[in-house]
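Below: the structure, in structure tokens.
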Amino acid sequence: MVASLRLPSVAHLFSSPSTATITGVSRRSPTILRCFHHGLFFRPQLFAAGFSAQSMASETQDRVDNLKNRVPTEVITPRSQDFNAWYLDVIANAELADYGPVRGTMVIRPYGYAIWESIQEYLNVKFKETGHSNMYFPQFIPYSFIEKEASHVEGFSPELALVTIGGGKELEEKLVVRPTSETIVNHMFTQWIHSYRDLPLMWANVTRWEMRTKPFVRTLEFLWQEGHTAHATLEEAENEARQMIDIYIRFAYELAAIPVIAGRKSKVETFAGACKTYTIEAMMGDRKALQAGTSHNLGQNFSRAFGTLFTDENGQRQHVWQTSWAISTRFVGGIIMTHGDDIGLMLPPKLAPTQVVIVPIWKKDDEKVAVLTAASSVKAVLQTAGIKVKLDDSDQRTPGWKFNFWEMKGVPLRIEIGPRDVSSGSVVISRRDVPGKQGKVFGISMEPSVLEAYVKDRLDEIQSSLLERALAFRDSNIVDVSSYEELKVAISEGKWARGPWSASDEDEIKVKEETGATIRCFPFEQPEGVKICLMTGNPAEEVAIFAKSY
């Protein structure tokens, strides 16, 4: 496939246009670095307009019912009806992302990017605690770099985007818009690393070309954090690769409330150019698996290809041992598909851009000042306590519309304040994860210490509840199998199959061709006892998890 892209010369930046040629196709999982813009696409949905204000019997009825003036539920396709349509509807209506001008790209909107920033903030702290530093590498690299590592070029050639014309002239050497950074990192490592005192080093960013796209999960361009380290020994590299997958596990459980299963990829599924790939696999709401993060022990494959050497303590020249590891914006898609419901997005409080939204309610102009004053006071109390809070004091929409809107955007808690609440010095608090009357509590005191403690406790409860709910869903949809026939039945029912495996790569490929499922990983946590391979009947040392995936 050929598309046109311009790389203008400096002289032409402010004058005439120019073109460059890009070639690209792809079928791999997405990835890109933190703190840069990149893209995605989806089917847009529009909020229904023209909701008329309606008189309600009482202020309590306003809150308990509030069915009037709400955005119609049919705007979001039910998950059970069409999971993919539901996913796209949530992204559109929750204002997470929008179409980019190039097919297969997306513009991440402020609310969606704020979720990514929460991911960045947590991981950046953890990376620096383990001795890593941030760096930036250019987007374009010589095609010859990709060719240096045979398995790497073979694995990525279907998804490369190539630039062949720049500044109106044919380039002497094609440039690659990097699908990943191992090659350019090694090129620089050869210049920076001289002795064992220079180890380790890390970091990079990338772009990758995709053809079959899905917002956040698989796009032509996306954001990620990509770490690279170089080490003096294989043991050091292995410890680093395991350390980083452990950080991803903690992030998934502690912040995203997603109960991932961590393990080692099969040889067939190992990253192109790596010796070992470790992964965290998450079960989405449609029971498909999402590879949510990976960490690779690259061995000396790239250092030998690029001649990345160091002088050891004995004065001998040695090739470095390397790792690479990444989490991308596909994790945002994972959060949507793990926790969302028919109402829309549901965000874990620790990742939510807004943890609490305050909706003031008044009917008469003489009530407005007192209600807004109380609402502003509550906002100040919560902000001082370090809670991310928004006061929706706009008067263009009814309270019922606001309730629906912020529920759809997944805000964990809503505080309602009306004239009666001002008089009683209390508020009404509703939980996003518990719909209807069951999730609504009246009469919570506005007294700062009481309100702060109550809100923090509820946020913690929601965080725990989302994890427990996702864990129960995951475990109820994993089937232990002891034969290939049982595996096929489990996969046909849309579940994950877990069973002993010691069969060949050819057998693994056969499973994929016949069932559509792949080995997601050999989990770190393995059952004890004798194991017999489900495919061959031979002894097996490990169980593997099979599932269809994104």
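Please report the carbon-and-sulfur percent of the accessible area for region 86-339; probe 1.4 Å, protein heavy atoms only, DNA, RNA and ligands left out.
49
Output needed: percent of Cα pairs per 5 Å distance bin for region 335-396, bins running from 0 to the one holding the longest distance.
4, 16, 20, 17, 15, 14, 9, 3, 1
Keeping all protein chains in the complex and leaving out DNA, RNA and ligands, what accessible area do you get for Lys276 with a 1.4 Å probe, in Å² to the nearest 10?
Surface accessible to solvent at Lys276 totals approximately 80 Å².
For Asn84 paired with Arg212, estimate the spin-label separation in nm (one decimal), with each label point 7 Å from Cα along the Cα-to-Cβ line.
Distance between the two pseudo-spin positions: 0.9 nm.
Return the long-range amide H neighbours of Asp480 (sequence gap of 5 or more, or a different chain), with a cut-off of under 5 Å between placed amide H atoms.
Arg498
Taking square-rooted eigenvalues a ≥ b ≥ c of the alpha carbon gyration tensor, is region 227-285 rounded, prolate or oblate, where a/c under 1.5 means rounded and, failing that, a/b exceeding b/c means prolate?
Working: a/c = 2.94, a/b = 1.51, b/c = 1.96.
Oblate is the answer for region 227-285, as a/c is 1.5 or above yet b/c matches or exceeds a/b.
Using square roots of five times the C-alpha gyration tensor eigenvalues, list the equivalent-ellipsoid semi-axes of region 438-540 in whole Å, biggest first.
Values for region 438-540, descending: 46, 14, 11 Å.
Compactness ratio of region 416-455: Cα Rg over 2.2 N^0.38 Å, N = residue count?
This ratio for region 416-455 stands at 1.16.
Mind checking the log10 I(q)/I(0) for region 356-459 at q = 0.14, 0.15, 0.18 Å⁻¹? Debye, one equal scatterer per Cα, no solvent, two decimals.
Scattering profile of region 356-459, log10 relative to I(0): -0.47, -0.55, -0.81.
Among the lysines, which fall within straight-line cross-link reach of Lys214, defined as a Cα-Cα distance under 26 Å, with same-chain neighbours fewer than 8 residues apart omitted?
Partners within reach: Lys265, Lys288, Lys350, Lys409, Lys495, Lys512, Lys548.
If a/c stays under 1.5 just call it rounded; otherwise compare a/b with b/c (prolate if a/b is bigger, oblate if not). Do that for region 284-324, with a ≥ b ≥ c from the square roots of the Cα gyration tensor eigenvalues.
prolate
Of Cys275, Cys521, which has the most accessible area with a 1.4 Å probe, and how do the rest follow in descending order?
Largest accessible area first, the residues go Cys275, Cys521.
How much area per residue is accessible in region 356-459 when the probe is 1.4 Å and only protein heavy atoms are counted (Å²)?
43
Using a 1.4 angstrom probe and counting only protein chains, how large is the accessible area of Arg264 in Å², to 10?
Using a 1.4 Å probe on the heavy atoms, I get roughly 70 Å².
Carbon-plus-sulfur fraction of the accessible area of region 356-459, 1.4 Å probe, in percent? Numbers along the way, then the final one.
Working: 2360 of 4490 Å².
Here carbon and sulfur together make up 53 percent of the probe-accessible area.
Quick one: compute a quarter of the convex hull surface over the Cα atoms of region 86-339 and quote it in nm².
Computed as one quarter of the Cα hull surface, the answer is 14.5 nm².
When the convex hull of the Cα atoms of region 406-474 is projected onto a plane and the area is averaged over all directions, what value comes out in nm²?
With every direction weighted equally, the projected area is 5.1 nm².
Within 10 Å of each candidate Cβ there may be at most 15 other Cβ atoms; applying that plus a DSSP loop requirement, which trypsin sites (Lys or Arg not before Pro) in region 92-134 survive?
Here the sparse-neighbourhood loop sites are Arg103.
Quick one: which residues, 5+ away or cross-chain, put their amide H under 5 Å from the amide H of Gly285? H built at 1.01 Å from N.
Thr338
With a 1.4 Å probe and all protein chains kept in place, how do Met535, Met244 rank by accessible area, largest first?
Largest accessible area first, the list is Met535, Met244.
Which whole-Hz couplings ³J(HN,Hα) result when phi for each residue of region 515-521 is put into the Karplus expression 6.51 cos²θ - 1.76 cosθ + 1.60, θ = phi - 60°, listed in order with x for Gly and Pro?
Each residue of region 515-521 in turn: 10, x, 9, 10, 6, 6, 5 Hz.
What do you reckon, how do Asp89, Asp82 stack up by accessible area (1.4 Å probe), largest on top?
Final ranking, largest accessible area leading: Asp82, Asp89.
Would you tell me the accessible area of Tyr253, worked out with a 1.4 angstrom probe on the heavy atoms of the protein chains, in Å² to the nearest 10?
80
The values are calculated or read from the model by the stated rules, or taken from the named source; none is laboratory data. Since the structure is predicted, the reported quantities are computational estimates derived from the model, not experimental observations. Every residue, glycine as well, gets a Cβ built from its backbone with ideal geometry; the counts of neighbours run over all protein chains shown. Protein only, heavy atoms only, side chains kept; ligands, DNA and RNA dropped before computing areas. Shrake-Rupley method; radii C 1.70, N 1.55, O 1.52, S 1.80 Å.
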